[in-house]
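The values are calculated or read from the model by the stated rules, or taken from the named source; none is laboratory data. Nothing here was measured: the structure is a model prediction, and the numbers come from that model. Backbone-built Cβ (ideal geometry, glycine too); neighbour counts: all protein chains shown. All accessible areas refer to the heavy atoms of the entire protein, side chains included, with ligands and DNA or RNA removed. Shrake-Rupley method; radii C 1.70, N 1.55, O 1.52, S 1.80 Å.
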Protein chains: 2
Amino acid sequence: MDEASEFQRARSPEAKRRREASILEAARSLGGERGIRDITLTDIATAVGMHKSALLRYFETREEIFLRLTAEGWQEWSDALSARLRENAEPGPASVARAFAATLAARGLFCDLLAHAPLNLERNVSLTAVRDFKLATLAARGPITAAVREQLPALDDQDVTDLVATAVSLAGALWQIANPGTEVAALYRSDPRLAHAVIEVEPRLARVLTATITGLAAAPPA
Amino acid sequence: MDEASEFQRARSPEAKRRREASILEAARSLGGERGIRDITLTDIATAVGMHKSALLRYFETREEIFLRLTAEGWQEWSDALSARLRENAEPGPASVARAFAATLAARGLFCDLLAHAPLNLERNVSLTAVRDFKLATLAARGPITAAVREQLPALDDQDVTDLVATAVSLAGALWQIANPGTEVAALYRSDPRLAHAVIEVEPRLARVLTATITGLAAAPPA
């Protein structure tokens, strides 16, 4: 096989893995720049220097690519949040809430993906891709649950499951509201009656999660 | 003007209003049956018995139609929740949370719309449509805030704003997770490792919001 045809089609597992990584990296870069909403398979193929038909040998749909990025995002966020919680010298609802809020707000692409995953991404992929994604998020929850319960022994596993679901749902929704596109953002700022539409993700998230954790810790065990 | 041409194009304000109402009703009915995700302008035009080009005289995009339904949904939910709260004889975090959870879970189409609004619906409509939508949701929040504060005087306006944002974000996300399409739902039930993906909207929402309200009520005023 000469170099040109190797570039056309990656035949070894290692070459295939590298090609997949390039595709994911291109999608990550495009998504981080302008949000994933309008990014097409053709955009990704162009960014990685492949024809769309070649890209389809690696991923069936744009949703499959973004669902893989969402799974990677869960793992990376889990590592970051768990590490931050383990270093937290003042355990309590407010500091744990701030750790969730800060690590989520710092990950705009992940927040964008979190909002799109249940609506748009899980609905145009194979069942195998959905299963792999669900198992990846399950694995990513483990270290978070352990780290939160270490800090807040009053919470049980169900409490932390509820807390994580609330945090990611809210982070996804708030990020979308906080990043509405240039024209709509200008509209919100121009009309005082729309002040409620201008939000900051991190303080809002920290405030709500502080309340949620306080309430979870105060409740009698189920 | 004979009857046929009146049917072709509604010229009076009243005829225009009736035509718009028929279009919204058709979209509501289709959305309630199968979720709004894949419903196109052509589907709606077919259901209402119009050509797509005629429908475009009333609404510019499918997103504009669904954003109008979302605004109507806010108003209708606000009425229902406020009425239920006014009749609540045992004010407290758990009963207020149950009122939010029950009224949201009973409105599947509204939950679906809530999830799609910031991601997909506000992004393909005119600025006027976005402004009208934001003002409609603002108006719908008023009665909810009054009714919640009547029940729970420890909460201030900001607390109720946070509570409503949490409730609608979570209801939208949980509804999507709970309604993943037939094939994916079967997958979740078939694999015990995916048990965490099978959720019930109402009890989950009631549990989280009870905790959030408890924490908001316990916090010192900001």
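Starting from the residue with the highest accessible area, list A:132, B:112, A:159 in decreasing order, probe 1.4 Å. If you can, show how the numbers build up before the last one.
Details: A:132 90, B:112 5, A:159 25 Å².
Largest accessible area first, the residues go A:132, A:159, B:112.
Carbon and sulfur atoms: what percent of the 1.4 Å accessible area of the protein assembly as shown do they account for? Please report the intermediate quantities before stating the final value.
Numbers: 10540 of 20220 Å².
The computed percentage sits at 52.
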The FRET efficiency for residue B:15 and residue B:38, from their Cβ-Cβ distance with R0 = 41 Å and rounded to 0.05, is 0.85
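Using a 1.4 angstrom probe on the protein heavy atoms only, could you order B:116, A:196 from most to least accessible area?
Numbers: B:116 5, A:196 55 Å².
So, going from the largest accessible area down, we get A:196, B:116.
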Among B:39, A:177, what's the order by accessible area (1.4 angstrom probe), most exposed first?
A:177, B:39
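Going by the alpha-carbon gyration tensor, a ≥ b ≥ c the square roots of its eigenvalues, is chain B rounded (a/c under 1.5) or, if a/c is not under 1.5, prolate (a/b greater than b/c) versus oblate? Numbers along the way, then the final one.
Values: a/c = 2.60, a/b = 1.52, b/c = 1.72.
Judged from the Cα gyration tensor, chain B comes out oblate (a/c at least 1.5, b/c at or above a/b).
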Degrees between helix B:157-178 axis and first principal axis of chain B (Cα, 0 to 90, nearest 10):
70 degrees
How much accessible surface does residue B:11 have with a 1.4 Å probe, in Å² rounded to 10?
150 Å²
Pull up the cross-link candidates among the aspartates and glutamates for residue B:52, meaning alpha carbon to alpha carbon under 12 Å and not fewer than 8 places away within one chain.
B:43, B:60
Rounded to the nearest 10 Å², the 1.4 Å probe accessible area of residue B:61 is 20 Å²
Report, for residue A:142, each distance to the same residue's label point in the other copies, shortest first and in nm; define the point 7 Å along Cα→Cβ.
5.3
The answer for GluC sites (Glu not before Pro) in the range A:72-144 that fall in a DSSP coil and have at most 14 neighbouring Cβ atoms within 10 Å is A:87
Probe 1.4 Å, all protein chains in place: accessible area of residue B:16 in Å², nearest 10?
90 Å²
Taking the Cα atoms only, what angle lies between the long axis of helix A:127-151 and the longest principal axis of chain A, rounded to 10 degrees?
30 degrees
Would you mind listing the distances between the residue B:40 label point and the same position in each other copy? Use 7 Å along Cα-to-C-beta, nm, one decimal, shortest first.
1.5
Under the rule rounded for a/c under 1.5, else prolate if a/b exceeds b/c, else oblate, using alpha carbon gyration tensor axes a ≥ b ≥ c, the range B:1-127 is classed as prolate
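How big a patch of accessible area, both sides summed and in Å² to the nearest 100, lies buried between A and B at a 1.4 Å probe? If you can, show how the numbers build up before the last one.
Details: alone 12200 and 12190 Å², together 20220 Å².
Accessible area lost upon association: around 4200 Å².
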Position residue B:61, label points 7 Å along Cα→Cβ, spacing to each other copy in nm (shortest first, one decimal):
2.1
Threshold 30 Å², the range B:186-200 residues less accessible with all protein chains present than alone (1.4 Å probe)
B:187, B:188, B:193, B:194, B:196
Per residue solvent-accessible surface (Å²) - the range A:17-144, probe of 1.4 Å
42 Å²
Nearest 10 degrees, 0 to 90: helix B:13-34 Cα axis against chain B principal axis
60 degrees
Separation between Cα centres of the range B:166-222 and the range B:29-90, rounded to whole Å:
23 Å
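For the protein assembly as shown, just say rounded, prolate or oblate: build the C-alpha gyration tensor, square-root its eigenvalues into a ≥ b ≥ c, call rounded for a/c under 1.5, and beyond that prolate if a/b exceeds b/c, oblate if not. Numbers along the way, then the final one.
Numbers: a/c = 1.82, a/b = 1.02, b/c = 1.79.
It comes out oblate by the Cα gyration axes.
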Please name the residues of the range B:106-152 whose accessible area, counted over protein heavy atoms with a 1.4 angstrom probe, falls by no less than 40 Å² between the chain alone and the full protein assembly.
B:118, B:119, B:120, B:123, B:127, B:131, B:134, B:135, B:138
